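The values are calculated or read from the model by the stated rules, or taken from the named source; none is laboratory data. Owing to the predicted nature of the structure, the values given are computational and were not obtained by experimental measurement. So basically every Cβ, Gly included, is an ideal-geometry build from the backbone, and we count neighbours across all protein chains shown.
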Amino acid sequence: MKRARGGRETQSIILVGVVTFLIVLLGMLTKGRLLGLDSLQSIAFQLPLLGILTLAQMTPMLTGGIDLSIIATANLCGVIAAIGMTRSGLPIGVAVILGLALALLFAILKGFLIAWVSVPAIIATLGLMIFIRGVSLVLTRGYVIAGFPGSFLFLGNGTLFGIPMPFVVFFLCALFLYLLLTRTRFGTYVYLLGSNPTATLFAGVNNAAVLFKTYLLSSFLAGIAGLVMISRFNAAQADYGESYLLLTVLACVLGGIDPGGGFGRLPGVVVSIIVLQVVATGFNLLGLSSHLASALWGLILLGVIAINRMIGEGEA
Amino acid sequence: MLGRIAGRTEVYLAGVLIVLSVVLFILNPKFLTAENLFDVLRNNSFLGIVALGELVVLVSGGIDVSFTAIATVAQYVMGVIITKYMVESVFFAFLIPIPIGIALGAFNAFLVNRTRVHPVIITISNLNVFYGLLMVVSKGRWIYGFPGPFRDFARLKVLTLISEKGVDYGLSIFTVAWFFIAFATWVVLRYLPIGRKVYALGGNSEAARRAGFDIFRIQLFVYCYIGFLSGIAGFVHAALNQMIQPNAIVGRELDVLAAAILGGASVFGGAGSPLGVVLGVLFIAFIKNGLILMKASAYWHQVIMGLIIVLAATLSAYQQSLERKRRRWV
Amino acid sequence: MIEEKAILSLSRITKRYGGVVALQNVDFSVLRGEVHGLVGENGSGKSTLVKIATGVVQPDPGAEIVVEGKKIPRLTPYLAFHLGIHVVHQDLSLFPNLSVAENIFAHEYIERGRRFVSWQDMEGRAREVLGRIGVDIDPRAVVGRLSFADQQLVAICRAIASEAKLIILDEPTASLTFREVQRLFGFIRELKAQDIAFVFISHRLDEVLEISDRVTVLRDGVKVGTFPKEELTKARLSFFMTGKEIVAQSRTFPLDGPKEILRVERLTRRGEYADVSFTLHEGEILGLIGPRGSGRTEVALTLFGLNPPDSGKIFLDGKEVRFRSNRDAIRHGIGYVPENRLIQGLVLDQPVADNIVITILDTLVERSGLLRPAKKLSIAEKAIGNFGIKAPAVDAPVRSLSGGNQQKVVLSRWILTAPRVLILDTPTHGVDVAAKESIYEMILNLAKDRGIGILLISDEEHEVLQVCHRILVMKEGRIVREYVPSEVTEEVLRKEIVG
């Protein structure tokens, strides 16, 4: 029996084309510096933060939801771990686990509201975003907590066989999520439920449990991102990286995730994260502002959507 | 007649507001002084105006998160023009941001209609595009030192009273503008065919198409309307603060969304009213003001705001599930 | 000439889509104040004909469209609307968030020059329109809160309000209870007396014969004929539709030493059903027939763990069971093919393979804790082969399959769980005759070869007579009679249900 190839592949193909074009263009503009070892290293240090956060956003979007609370969760995890390591003088491991545990504690509330009370994800996570950020603010009183033990800084700044640690963490997260989505029951249910939750319910899928796990997973990945972030900055604060929130949604859609749920795969998302980071780094090398980069990200997304639409019309 | 203007959500919210006011009054009698209330109303007029625009978009089944960038672009262009040419006419200054807002809104509508991609994605992209380009062009410079009339205008009051300390206070022109816009929005949504079409589109887009409604025209209307109000709100914001910082407004998208949702606007379209949204904004404003009066640490504001949104959403979800239970699958 | 009395007259209608002929040289006319039945199998061209009559689709050159004696060179949806030709779609196309009055007059919002909406005026006129057919619905009520039957009346009133002369009802009775159907027929007769014509499209031939004055039959895009009601019987009509004589021949097989699997005792759920008791044996096919709204689906959902009963007991293999969820029921060996295939049954946009293996994913998990994709595909391919599912590919979306094949996908997913009891809720609804036969075949084999006890919910008398061992008749929440197919005829059964 033959296998069908979905038309949804086209988006990934377009994306790869855009990436190649951008890399060549920026490579020429920067006289090859973009592809030099230095800038590759800097990309590998910077990409993972947006990358892991985007991975956290991906599963909720596949179920047809969204998680606006990931940045707040990342910061909370970072703040708790930071307080643990500095003020309380806890061992690094304990502080890190404490941070992740608190992230998951709020995730339980979030998952409960969405899965069992059926609060629309966008509202539940909006409320929790503000709430969790508030908790971090109360804990830090708005100050920056800085000065972590050297061994903890390795997570954000060290290298393993020449590969930056953050990138290693990102790679492991991506691999974990990839296996979860493609090779487990949970992953299969996520896609099916994202397409039609009534049908999965009638087929005996425990929808609520799948949704609950989805939001637990997003908080867990957000927590990891928070740890990488504070290690990289050697500082923790209640409202770091808030501009990343909309970018994660953008990266997911650019990578082929259908915001209605049910479609989109991890490799596409990874490629889209790379596009965004390469553009940012290239612009950085050219001495252009990060704002121009963000404008360009928007334009790239709109461009991909428009091309997609034209191809779609051509087929129909 | 009351049922005509106020639905269930509005009545609940009004009740909650009254209880809240009484509690705040008991905790700190200063809350219910005219001076304080006028101040709260004035300071929230920006939020109140854009929330009304968001309401119209939400009712149509869409969403717009780019309005903060639109308001910023509109007020910035205005700021550049009036400071560069020292424009003395406030009225002329007021006219600058409006067409900019409408044009950017039309761009949103065009993309939403043509690409048929979820509007949240389109407007996130445009938020980045509008704001990014503005920051590039403006290099993030602040604008201040507005012409004299512009400064005087911001102090304009419809009703002026003198406090015991001899400071004059009163009902700000911006508060009046906010309430007037709320009333106008109510008239548009309730009594103009285009307003009814907005509700119809949000209720069942396929039926709207079959009924022969021009979907693009409705979308054009709603996104231009929020663009239009963003333009006005940009003016109000600049006048209230007497300076323009390009990064002052962007980032408040979700606050506005929260106010609209608290006020009963549905993220799925088809429901919501201007009165509800005004009450939603007031609710948030009262809580913030109450916390300030109680000298609660500012860090608690967000904790409480977040809790309120979660609580309100939980209640409404619970209510809906009760209603669903009566019908179930059959 | 009869044509002079015609509201709408379509002549020599041909429509090709690419190489496929949807309609070939069809003539169709509707007279003033008549109810004209339009029947045919899926794909016979009914919907294309409706689209042409309402201007949504243009016929191929050579056709002629005449509305009230005037030749219309090019009918557009706008023109059709203003000529008084309206469709009430199966989904009604109402605005659930708006009031009854507003739904009725929504079309007026398009007209230019209307500045302000006068609510009082609109509600008054709505009351008038509702009064014309004697419907008692508050014009200020929100449409989404009304029952489906009332919503349907609102949709009909909307057509009347814009001066409809011809209202096309597309499967109007599909979601109505028996009483609601009778009420709808009352309103149709009332409007007919006011000179409004109807085209009545339905799969339910009894209803078509009851309400129509004339019936047009389409088959494979060709008109078989237009017949006065008096010349038709249900059997003739179905012969015209399919070109085959349907012999309601019993195909049941004897049960040897029947062993009880499922027993239900005095099951009751307030407002839905009461005192329901029956037993189901190994390899038995038990028919449960009754009009929609009789409580049949509610009982099925209870047995599937989704609709807990207020009182009564369920026994499986002699042991009492209580299901807390449908997962509980599935673990006990119960499968359920839901009534609404498109929404409840299938994840339409996802691959055939995933839709098949969804119930048995846990058996595909390897020792590593991971699924093996190849195993999933091979199981799906085997099921596709075994049950004769015609699919373009294992990973093609289920949407690309025909209705009958889609239903087989749902069936095969439950067969893979090796169930003891299978509940089928109107499994042949909206499925072609040929596909129906192969679904019957499948059901018979499941019972005979695997000993699965099958509860078949149906609204078609010939269906239960053909495949069931016993037939339970359900009415208004209660089981009123039990029959054995050999001792009852279609007519008797029909009377029992309707009467």
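Please work out if B:M78 is surrounded by fewer than 16 Cβ atoms within 10 Å (Cβ to Cβ) and aliphatic (A, V, I, L, M).
Values: surrounded by fewer than 16 Cβ atoms within 10 Å (Cβ to Cβ): no; aliphatic (A, V, I, L, M): yes.
Judged against the criteria, B:M78 is not a match.
Residue-wise test of (1) touching an Asp or Glu at 6+ places or on another chain (Cβ under 9 Å); (2) at positive phi; (3) buried (at least 22 other Cβ atoms within 10 Å of the Cβ).
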site	(1), (2), (3)
B:S89	no, no, no
B:I98	no, no, no
B:L104	no, no, yes
B:F107	no, no, no
B:V120	yes, no, no
B:G132	no, no, yes
B:F146	no, no, yes
B:A154	no, no, no
B:S163	yes, no, no
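If we keep just the residues of region B:205-219 that are outside any helix (DSSP H, G or I) and either of a type in the set (S, T, N, Q) or surrounded by fewer than 18 Cβ atoms within 10 Å (Cβ to Cβ) (or both), which is farthest from the chain's Cα centre (by Cα)? Let's see the steps before the verdict.
The first filter runs over region B:205-219 and keeps only residues outside any helix (DSSP H, G or I), leaving B:211-214.
Still in the list and also either of a type in the set (S, T, N, Q) or surrounded by fewer than 18 Cβ atoms within 10 Å (Cβ to Cβ) (or both): B:212, B:214.
Details: B:G212: 31, B:D214: 26 Å.
Taking the candidates together, the pick is B:G212.
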- Leading residue by the ranking (surrounded by the most Cβ atoms within 10 Å (Cβ to Cβ)) among those in region C:354-371 that are within 7 Å of another protein chain (Cβ to nearest Cβ) and of a type in the set (V, I, T): C:I358
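Yes or no, residue by residue, for (1) out of contact with any Leu (no Cβ under 8 Å at 6 or more places or on another chain); (2) over 30 Å from B:K139 (Cβ atoms); (3) surrounded by fewer than 18 Cβ atoms within 10 Å (Cβ to Cβ); (4) among the hydrophobic types (A, V, I, L, M, F, W, C):
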position: B:G227; (1), (2), (3), (4): no, no, no, no
position: B:G234; (1), (2), (3), (4): yes, no, no, no
position: B:Q242; (1), (2), (3), (4): yes, no, yes, no
position: B:N247; (1), (2), (3), (4): yes, no, yes, no
position: B:A265; (1), (2), (3), (4): no, yes, no, yes
position: B:I284; (1), (2), (3), (4): no, yes, no, yes
position: B:G290; (1), (2), (3), (4): no, yes, no, no
position: B:A296; (1), (2), (3), (4): yes, yes, yes, yes
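The rows are residues; the columns are (1) among the charged types (D, E, K, R); (2) more than 30 Å from C:S402 (Cα to Cα).
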residue: C:A6; (1), (2): no, yes
residue: C:G33; (1), (2): no, yes
residue: C:V39; (1), (2): no, no
residue: C:K46; (1), (2): yes, no
residue: C:P59; (1), (2): no, no
residue: C:V66; (1), (2): no, yes
residue: C:P73; (1), (2): no, yes
residue: C:E102; (1), (2): yes, yes
- Task: Kindly check whether there is at least one residue in region A:63-71 that is at pLDDT 75 or above, at negative phi and part of a helix (DSSP H, G or I).
- Result: yes
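Of the residues B:G306, B:G251, B:G269, only one is within 11 Å of chain A (Cβ to nearest Cβ) and over 30 Å from B:I96 (Cα atoms); which?
On the way: B:G251 fails: over 30 Å from B:I96 (Cα atoms); B:G269 fails: within 11 Å of chain A (Cβ to nearest Cβ).
On inspection, the qualifying residue turns out to be B:G306.
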- Residues of region A:117-146 being at the interface with chain B (Cβ under 8 Å from one of its Cβ atoms) and in a loop (DSSP other than H, G, I, E, B), which ones? A:V117, A:S118, A:V119, A:P120, A:R141, A:G142
- Message: Looking only at region B:113-150, filter to residues that are β-branched (V, I, T) and under 21 Å from the mean Cα position of the chain (by Cα); which one of those is farthest from the other protein chains (Cβ to nearest Cβ)?
- Response: B:T123
- Scan region C:305-331 for residues that are closer than 21 Å to C:I443 by Cβ and more than 9 Å from chain A (Cβ to nearest Cβ) and report the count. 1
- Task: For region C:137-244, please list each of the strands (runs of 3 or more DSSP E) lying entirely inside it that holds at least 1 residues being under 21 Å from the mean Cα position of the chain (by Cα) and not hydrophobic (A, V, I, L, M, F, W, C).
- Result: C:166-170, C:214-219
- Quick one: in region B:96-112, which of the residues that are touching a Gly at 6+ places or on another chain (Cβ under 8 Å) and among the small types (G, A, S) is farthest from the other protein chains (Cβ to nearest Cβ)? B:G101
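Any chance region B:100-119 includes a residue that's small (G, A, S) and either under 16 Å from A:S243 (Cα atoms) or at pLDDT below 90 (or both)? Lay out the reasoning, then the answer.
Residues of region B:100-119 small (G, A, S): B:101, B:103, B:105-106, B:109.
Of the ones still in play, those that are also either under 16 Å from A:S243 (Cα atoms) or at pLDDT below 90 (or both) are none.
For region B:100-119, residues small (G, A, S) and either under 16 Å from A:S243 (Cα atoms) or at pLDDT below 90 (or both): absent.
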- Tell me which of these A:D67 doesn't satisfy, since it passes every other one: (1) buried (at least 23 other Cβ atoms within 10 Å of the Cβ); (2) charged (D, E, K, R); (3) facing chain B (nearest Cβ under 9 Å). (3)
- Query: Is region B:173-188 home to any residue that is of a type in the set (A, V, I, L, M) and not in a helix (DSSP H, G or I)?
  - Reply: no
- Query: Only one of (1) touching a helix residue (DSSP H, G or I) at 6+ places or on another chain (Cβ under 6 Å); (2) more than 11 Å from chain A (Cβ to nearest Cβ); (3) surrounded by 15 or more Cβ atoms within 10 Å (Cβ to Cβ) fails for C:L348. Which number is that?
  - Reply: (2)
- Message: Looking for something facing another protein chain (nearest Cβ under 8 Å) and surrounded by fewer than 18 Cβ atoms within 10 Å (Cβ to Cβ) - is there at least one such residue anywhere in region B:171-190?
- Response: yes
- Query: Of the numbered conditions (1) in contact (Cβ under 8 Å) with a residue 12 or more places away in the chain; (2) over 30 Å from B:Q320 (Cα atoms), A:V135 satisfies every one except a single condition; which is it?
  - Reply: (2)
- Item | Pick from region C:159-174, criterion small (G, A, S) and buried (at least 20 other Cβ atoms within 10 Å of the Cβ), ranking: farthest from C:G131 (Cα to Cα) | C:A164
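Taking the condition among the small types (G, A, S), surrounded by fewer than 22 Cβ atoms within 10 Å (Cβ to Cβ) and not in a helix (DSSP H, G or I), does A:G256 pass? Step through it out loud before you land on a result.
Working: among the small types (G, A, S): yes; surrounded by fewer than 22 Cβ atoms within 10 Å (Cβ to Cβ): no; not in a helix (DSSP H, G or I): yes.
Against the criterion (among the small types (G, A, S), surrounded by fewer than 22 Cβ atoms within 10 Å (Cβ to Cβ) and not in a helix (DSSP H, G or I)), A:G256 does not qualify.
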